[in-house]
Amino acid sequence: MHNFFVGLAIFFFAHTFSLFRSRRRAIINEVGLRIYIIVFSLISIIGLAIMIFGYGELRANVSFNKVFWVSPIWMKHVVFVLMIPAFVFLSAAYIPSRISHIFPHPMLAAVKIWATLHLCVNGDLVSIILFCSFLFFAVAVRLSLKKRLISEQHVATSGSLQITGLGSDLTVVVTGLVAYAFVIFYGHVWVVGVPLVGS
């Protein structure tokens, strides 16, 4: 099996396992929350690293990576603009604010925006597999969370909302914009090997 699919399997195995709350709780009770988070993070990072490496490798394989559509030039500029809220949501997933109260699962919102927009400008088979996988997973998790009356994230967000205000909202937005600028000018070409500025 190619590295790309191995990375996908490892990454989504870790995240899918975390959805089984009773199993997750049992392991946390056995090894402790800190150990669980460390192991979960390591598995996720390893899977992500293998996935990214395999993505570039398999994408260059012209015999496998068929192109199904090519987006118009103007679509790239549309994606540039619409990716800004994705980074704001990503920031809101880690910084308590009223934004994360209005959107209780900002990380999932960020992933859905990111995956959808990247599908608009990447019509090759490997990219379709990658972004559809993340989009499908984010939608599935969101539907799963909707079935719960109160999720852990919502409780945490609601509790922190009492001490947040405009300053926290501005912090989320500024942090998101800084992360966006970093990815546009440096991060994307470092990680994926595809420059966004001047390309």
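Values in this text are rule-based calculations from the coordinates and carry no lab data. These numbers were taken from a predicted model, which means no experiment stands behind them. With ideal geometry, Cβ positions are generated from the backbone for all residues, glycine too; neighbour counts draw on all protein chains shown.
Modelled spin labels at residue 189 and residue 18, positioned 7 Å past Cα toward Cβ, are 3.2 nm from each other.
Are there DSSP H segments in the chain that both extend 27 Å or more along their axis (alpha-carbon positions) and score a mean Kyte-Doolittle hydropathy of at least 1.6? List them, or say none. Span-like helices, by this rule, are 33-59, 73-92, 125-146. For residue 112, a cut-off of 22 angstrom between C-alpha atoms picks up these lysines, skipping any fewer than 8 places away in its own chain: 76, 146, 147.
Using 0.36 nm per residue and subtracting the Cα-Cα separation, the extra length available between residue 129 and residue 179 on full extension is 15.4 nm.
Quick one: grab the alpha carbon gyration tensor of the chain, order the square roots of its eigenvalues as a ≥ b ≥ c, and give me rounded if a/c is under 1.5, else prolate or oblate depending on whether a/b is larger than b/c. Don't skip to the answer; put the middle values down first.
Details: a/c = 1.99, a/b = 1.26, b/c = 1.58.
Oblate.
Since only 26, 42, 6 are under comparison, the one whose Cα sits farthest along the positive direction of the charge dipole of the range 1-65, derived from C-beta charges on Lys, Arg, Asp and Glu, is 26. By the count of neighbouring beta-carbon atoms within 10 Å, fewest first, 105, 77, 188 end up ordered 77, 188, 105.
Residue 103: net charge of surrounding residues, Cβ under 15 Å, Lys/Arg +1, Asp/Glu -1, itself excluded? Neighbourhood net charge equals +3.
Starting from the Cα gyration tensor of the range 10-95, take the square roots of the eigenvalues, sort them a ≥ b ≥ c, and report rounded, prolate or oblate (rounded when a/c is under 1.5, otherwise prolate if a/b is larger than b/c, else oblate).
Since a/c reaches 1.5 but b/c is at least a/b, the shape of the range 10-95 is classed as oblate.
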